[in-house]
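Take a look at the structure set out below.
The values are calculated or read from the model by the stated rules, or taken from the named source; none is laboratory data. Since this is a predicted model, take the numbers as computed values, not measurements. Counting neighbours? That spans all protein chains shown, and the Cβs are built from the backbone with ideal geometry, glycine included. With ligands, DNA and RNA removed, areas are computed over all heavy atoms of the protein, side chains included. Shrake-Rupley method; radii C 1.70, N 1.55, O 1.52, S 1.80 Å.
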Amino acid sequence: MALINELQAQMKTAMKAKDKETLSVVRMLKAAVQNKQISLGHDLTEDDEKSVLATELKQRKDSLAEFKAAGRDDLVAQLEGEIKIVESYLPAQLDEAAVESLVDSVIQETGATGKADFGKVMKTLMPKVKGQADGALVNRIVKAKLS
């Protein structure tokens, strides 16, 4: 519920500052959080909130890649601004070295030895990095460590 309050306050600030881009993004984030809350039927936990924000961030990053490939520089600049706003609500992202360290510890913890243990490692690792690391990065590092 704290995220909803923070988003509401940020909306008011953006309205007063006449910052249309921030206002638009914050409204979309608030709507996504409220929709998730309605679909679950209860207040969101902090993990649920992170999950919603991570999903919103991933959607924007996917769109960014597609717009870059299509040469739509006007939309690329807009999306980069949106990504910065969404990232401001997420915890600090882990760098590659930190993710590798976590992967190593989870591999030891699960006793994984090869590619067959990929699912076991990911199942244990993803809750630890949720909202703090890109899933594609985690996936790539785990595959490299297990091969």
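Residues that are touching an Asp or Glu at 6+ places or on another chain (Cβ under 7 Å), in a helix (DSSP H, G or I), of a type in the set (S, T, N, Q) and modelled with pLDDT of 90 or more: does segment 31-47 have at least one?
The answer is yes, given that some residue of segment 31-47 is touching an Asp or Glu at 6+ places or on another chain (Cβ under 7 Å), in a helix (DSSP H, G or I), of a type in the set (S, T, N, Q) and modelled with pLDDT of 90 or more.
Quick check on my filter: what residues within segment 14-25 are part of a helix (DSSP H, G or I) and either more than 15 Å from residue 90 (Cβ to Cβ) or more than 15 Å from the chain's Cα centre (by Cα) (or both)?
Those that are part of a helix (DSSP H, G or I) and either more than 15 Å from residue 90 (Cβ to Cβ) or more than 15 Å from the chain's Cα centre (by Cα) (or both): 14, 15, 16, 17, 20, 21, 22, 23, 24.
Looking at (1) within 17 Å of residue 90 (Cα to Cα); (2) in contact with a helix residue (DSSP H, G or I) (Cβ under 7 Å, 6 or more places away or on another chain); (3) of a type outside the set (A, V, I, L, M, F, W, C); (4) open to solvent by less than 50 Å² (accessible area, probe 1.4 Å), can you tell me which one residue 50 breaks?
Result: residue 50 passes all but (2).
From 18, 12, 36, 30, grab the single residue that is open to solvent by 70 Å² or more (accessible area, probe 1.4 Å), touching a Leu at 6+ places or on another chain (Cβ under 7 Å) and of a type outside the set (A, V, I, L, M).
The unique qualifying residue is 36.
Being in contact (Cβ under 8 Å) with a residue 12 or more places away in the chain, closer than 16 Å to residue 85 by Cβ and part of a helix (DSSP H, G or I): is that true of residue 55 here?
Judged against the criteria, residue 55 is a match.
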